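**Q** Let me begin by handing over the structure; questions about it come next.
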Amino acid sequence: MTESTKYEIKVKVHTTYLPEQSDEALDRYVFAYTIVLSNTGTVPAQLISRHWIIADGGGGVQEVRGLGVVGEQPLLKPGDSFEYTSGTAISTPVGSMKGSYQMVAEDGLRFDAPIPEFILSVPRILH
């Protein structure tokens, strides 16, 4: 068994534009994102913290770091999944997010679970 399959967290993302919370006249575009983390490895692992890189279409970048997600630090046993929804605001109709979750395996090994880059886009902006 390789180390990479022992410590493996898959990340799936679904985004939604929230027009009722956005104010396009003030360049405020709000998005919800739902994340599903799945432990596809063979060792239980706990999510300790997160690191996000949020980019808007104008070249602005925000970095966000913090403990847990939505106030939780879930422990994922092999085969377990954890789903949560959060949100962000950017100043352009299109942007992107990417980052990583910092995990600690039951055996004490610390590893990062990458969050692949995903697009934030107001509907009908991108074709």
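**Q** Enter the Cα centre distance for the pair the range 81-127 and the range 3-56, rounded to the nearest angstrom.
**A** The range 81-127 and the range 3-56 have Cα centres spaced 3 Å from each other.
**Q** Leaving out same-chain residues fewer than 8 places away, which lysines sit with a Cα under 20 Å from that of K77?
**A** Qualifying lysines at Cα under 20 Å: K6, K10, K12.
**Q** Can I ask one more? Which FRET efficiency value, to the nearest 0.05, is calculated for T85 and D107 with the Förster distance at 30 angstrom and r the Cβ-Cβ distance?
**A** 0.45
**Q** Quick check on the range 3-121: of the DSSP beta bridges with both residues there, what percent are antiparallel, nearest 5%?
**A** Counting DSSP beta bridges with both partners in the range 3-121, the antiparallel share is about 100 percent.
**Q** A follow-up question, please. From the P(r) of the range 49-100, could you give the percentage of C-alpha pairs in the tail past 13 Å?
**A** Counting every Cα pair in the range 49-100, those more than 13 Å apart make up 65 percent.
**Q** Continuing with the same structure: Once label points are set 7 Å from the Cα along Cα→Cβ at both T5 and H51, what is their separation, rounded to one decimal in nm?
**A** Simple spin-label model gives 2.8 nm for this pair.
**Q** HN-Hα J couplings of the range 40-54 from phi, Karplus 6.51/-1.76/1.60, θ = phi - 60°, integer Hz, Gly and Pro as x?
**A** After applying 6.51 cos²θ - 1.76 cosθ + 1.60, I find 9, x, 10, 10, x, 9, 10, 6, 9, 8, 9, 9, 10, 10, 10 Hz.
**Q** Kindly provide the helix-only [θ] at 222 nm of the chain, computed as the sum of -39,500 (n - 2.57) over DSSP H runs of four or more divided by all residues, to the nearest 500 deg cm²/dmol?
**A** -500 deg cm²/dmol
No lab work stands behind these numbers, since they all come straight from the coordinates. Everything quoted here is computed from the prediction, not taken from an experiment. Methodologically, a virtual Cβ is constructed for each residue, glycine included, from the backbone with ideal geometry; neighbour enumeration extends over all protein chains shown.
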